[in-house]
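Working notes for the structure below.
The values are calculated or read from the model by the stated rules, or taken from the named source; none is laboratory data. Keep in mind the model is a prediction, meaning the values are calculated, not measured. Cβ coordinates were reconstructed from backbone atoms using ideal geometry, including for glycine residues, and neighbour counts include every protein chain displayed. The area values use the complete protein model at the heavy-atom level, side chains included, leaving out ligands, DNA and RNA. Shrake-Rupley method; radii C 1.70, N 1.55, O 1.52, S 1.80 Å.
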Amino acid sequence: MQLALAGLGLAAGCALALPAGAAACEDVEHAGLSYTVCEADPAADDLRLFLTDENGGLYGSFQAIDREAGDQRLVFAMNAGMYHPDRRPVGQYLENGEEVMRLVTNPGPGNFGMLPNGVFCIDDDSARVIETLRYEAEAPECLYATQSGPMLVIDGELHPRFLPDSTSRNIRNGVGTTEAGDRAVFVIANQPVTFHEFGSFFRDALELPQALYFDGNVSRLHAPGLGRSDFGFAMGPIVGVLAPVDGARPDG
């Protein structure tokens, strides 16, 4: 069942239908918690990852991307995967088809190493969240890819280590996709939430079969349509949608 948004309300058990348009964003509530949700159409929107600028430096901010975008601007963006203190990706990272960091398949410390983790893969007309070992086996041809963890939803089920009674809460963000890869839905919590609450939002409210956690220490959103652009320390990988500035040609 598809439910159009009415104000901030979202009925439990119903799939979320967002407004049309490039990376449309909306504030919604579910199970007494508030989230901002942005949906992109990979076949129609210019969805990509950003790490390194044309001079080889790291972008680090939404504003830096906008400055180099010519007659385009970010209509949506958020941090997209975990990174080392030097802001280089922890796991698999592809930009414009070039591998910056290899795939990491072994367990490790922290949220990234809480297996199963996964990869967000963008190609010319689709975007998919793929569990890491499946990604390794399938070897999809991604134009952009970022590895993070843990997975939030795996084939319609929550990550097995998420506890309903957990007391660990953070401002968390992540992405979920349809099985066909025709919808990519990005979410940031507007108050601290547990992994179980966050994963449940993707599974129960958005009805997405695959979802991946991006972060909970550095979770930021750029959504000009909502008058929002979070600030803070420089970031590593960023995911966003570019669109022509009013009056600019679509092809730039």
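The residue list G108, G156, G181 contains one member that is at positive phi and open to solvent by 10 Å² or more (accessible area, probe 1.4 Å), which is G156. Among the residues of the range 187-208, the ones that are in contact with a Ser or Thr (Cβ under 9 Å, 6 or more places away or on another chain), open to solvent by less than 20 Å² (accessible area, probe 1.4 Å) and closer than 17 Å to V218 by Cβ come to 3 in all.
Of the residues making up the range 115-143, those that are closer than 16 Å to V185 by Cα, out of contact with any Lys or Arg (no Cβ under 7 Å at 6 or more places or on another chain) and part of a strand (DSSP E or B) are G118, V119, F120, A127, R128, V129, I130. Screening N117 on (1) open to solvent by less than 20 Å² (accessible area, probe 1.4 Å); (2) farther than 22 Å from E179 by Cα shows it passes everything except condition (2).
Could you look through the range 136-151, keep only residues that are touching a Ser or Thr at 6+ places or on another chain (Cβ under 9 Å) and open to solvent by less than 20 Å² (accessible area, probe 1.4 Å), and pick out the one that is farthest from N173 (Cα to Cα)? My answer is Q147. Within the range 149-190, being among the charged types (D, E, K, R) and under 15 Å from D204 (Cα atoms) holds for D155, E157.
Do we find that A211 is among the small types (G, A, S), under 15 Å from G156 (Cβ atoms), crowded, with 18+ Cβ neighbours inside 10 Å and within 13 Å of the chain's Cα centre (by Cα) in this structure? Taking the combined requirement at face value, the residue satisfies it. Taking every residue in the range 172-197 that is within 30 Å of E141 (Cβ to Cβ) and in contact (Cβ under 8 Å) with a residue 60 or more places away in the chain and pairing it with any residue that is open to solvent by 10 Å² or more (accessible area, probe 1.4 Å) and polar (S, T, N, Q), at least 6 positions away or on another chain, the pairs with Cβ-Cβ distances below 6 Å are N173/S219; G181/S126; I188/S219.
Can you find a residue in the range 73-96 that is surrounded by fewer than 14 Cβ atoms within 10 Å (Cβ to Cβ), modelled with pLDDT of 95 or more and within 15 Å of V241 (Cβ to Cβ)? Among the residues of the range 73-96, not one is surrounded by fewer than 14 Cβ atoms within 10 Å (Cβ to Cβ), modelled with pLDDT of 95 or more and within 15 Å of V241 (Cβ to Cβ), which makes the answer no.
Of all residues in the range 217-240, those being open to solvent by 10 Å² or more (accessible area, probe 1.4 Å) and either in contact with a His (Cβ under 8 Å, 6 or more places away or on another chain) or not in a helix (DSSP H, G or I) (or both) number 13. Just one of (1) closer than 22 Å to Q147 by Cα; (2) exposed (fewer than 15 other Cβ atoms within 10 Å of the Cβ) fails for Q63. It is (1). Annotation for the range 172-179: at least one member residue is over 17 Å from E26 (Cα atoms), out of contact with any Phe, Trp or Tyr (no Cβ under 9 Å at 6 or more places or on another chain) and not charged (D, E, K, R).
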